[in-house]
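Notes follow once the structure below has been shown.
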Amino acid sequence: MAWGLAFFAGIYIALCGGNWLLTRYLLPALRAGHRIDAKPLRDGQIRYELSWSALSISIFGIGSILPWAFLHWGWARLAQDPGPLRIAMEMAVLLVWNDIHFYANHRLLHTKPLRRFHAQHHRSLVTTPFSTYSFHPLEAILLGNVILLPMLLHDFSFAALLSLPVMSLLLNNLGHSNYDFAPAAGHDHWLSASRRHHLHHIRYHGNYGFLFNFMDGWFRTRLPDEPMAPGRPAGA
Ligand SMILES: [Zn+2]
Ligand SMILES: [Zn+2]
């Protein structure tokens, strides 16, 4: 549990802090991409996001005992001596699974009985990298169980299992960065995930997927693209 806590706190600080430096200083200095929404943050928003994120990190840390328990009880096993190709393929499968799992749970969180729990996350109208883990404990439990079902179905390599929370946080973080990394990329491109998720925070209904938007396409929940000009207040 202590390792789990240290792991999740470490990747949150490294990836969210790194993304803040990247999108607030480095990329603007290089004139690569632009801020999506120029509206100012709410008073105390970063403090609010950091405190809810700390609670989510605690829940993920405590929850990391479950994959360990699955292995201990023999419900799941780790692959022995996996080669790099197997690890890469498992990582690709988990990346797609992460989007399917996120979409399903996110849709659930937008249903009437659960929407009040998701309101916590949507208080960040203009998102920041620190919005990524800023959610209610119930949302942390729903999203944090992403690894459990795949472990029951397949003997994954330890490296692939460990990569999932890192990939998930990295991509989730980019999606909340309020930064258009590739303005020329089409609306469906994976590099446009930050534009799509920004629209989700502005419009609330639609664009429930994350890195990919195939689930939004299949279930007809895609929001139409809205041109994002630098400095234009979105939703105006
Ligand atoms: Zn939402
Ligand atoms: Zn969000």
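The values are calculated or read from the model by the stated rules, or taken from the named source; none is laboratory data. Worth saying up front: this structure is predicted, and the values here are computed from it rather than measured. Cβ: placed from backbone, ideal geometry, glycine included. Neighbour counts: every protein chain shown.
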Enumerated helices (runs of 4 or more DSSP H) restricted to the range 27-139, each holding at least 1 residues that are under 19 Å from residue 207 (Cβ atoms) and out of contact with any Pro (no Cβ under 6 Å at 6 or more places or on another chain): 84-109, 115-122
field: Among residues of the range 181-205, those that are of a type in the set (Ser, Thr, Tyr) and within 11 Å of ligand 2 (Cβ to nearest atom), counted
entry: 2
query: For the range 168-221, which residues satisfy the criterion of being in contact with a Cys (Cβ under 9 Å, 6 or more places away or on another chain) and without any contact (Cβ under 8 Å) to a residue 24 or more places away in the chain?
result: none
message: Among the residues in the range 135-151, are any within 16 Å of ligand 1 (Cβ to nearest atom) and of a type in the set (Gly, Ala, Ser)?
response: yes
message: Looking at 178, 173, 145, can you tell me which residue is surrounded by 22 or more Cβ atoms within 10 Å (Cβ to Cβ) and either modelled with pLDDT under 90 or more than 16 Å from ligand 2 (Cβ to nearest atom) (or both)?
response: 173
- prompt: Any residue at all in the range 94-103 that is over 24 Å from residue 68 (Cβ atoms), free of Cβ contacts under 8 Å to residues at least 40 places away in the same chain and within 16 Å of ligand 2 (Cβ to nearest atom)?
  reply: no
query: Within the range 106-124, is there a residue that is among the aromatic types (Phe, Trp, Tyr), within 12 Å of ligand 1 (Cβ to nearest atom) and surrounded by fewer than 22 Cβ atoms within 10 Å (Cβ to Cβ)?
result: yes
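Assess whether residue 21 counts as being of a type outside the set (Phe, Trp, Tyr), over 16 Å from the mean Cα position of the chain (by Cα) and at pLDDT 90 or above.
yes
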query: Would you pick out the residues in the range 155-167 that are touching a residue at least 40 places away in the same chain (Cβ under 8 Å) and not β-branched (Val, Ile, Thr)?
result: 155, 156, 157, 158, 159, 160, 161, 163, 164, 165, 167
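Which one of 32, 79, 38 is small (Gly, Ala, Ser), in contact with a Ser or Thr (Cβ under 7 Å, 6 or more places away or on another chain) and modelled with pLDDT under 95?
Result of the check over 32, 79, 38: 79.
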- request: Provide a single number: the residues in the range 153-169 that are of a type in the set (A, V, I, L, M) and either in contact with a Phe, Trp or Tyr (Cβ under 6 Å, 6 or more places away or on another chain) or surrounded by 19 or more Cβ atoms within 10 Å (Cβ to Cβ) (or both).
  value: 4
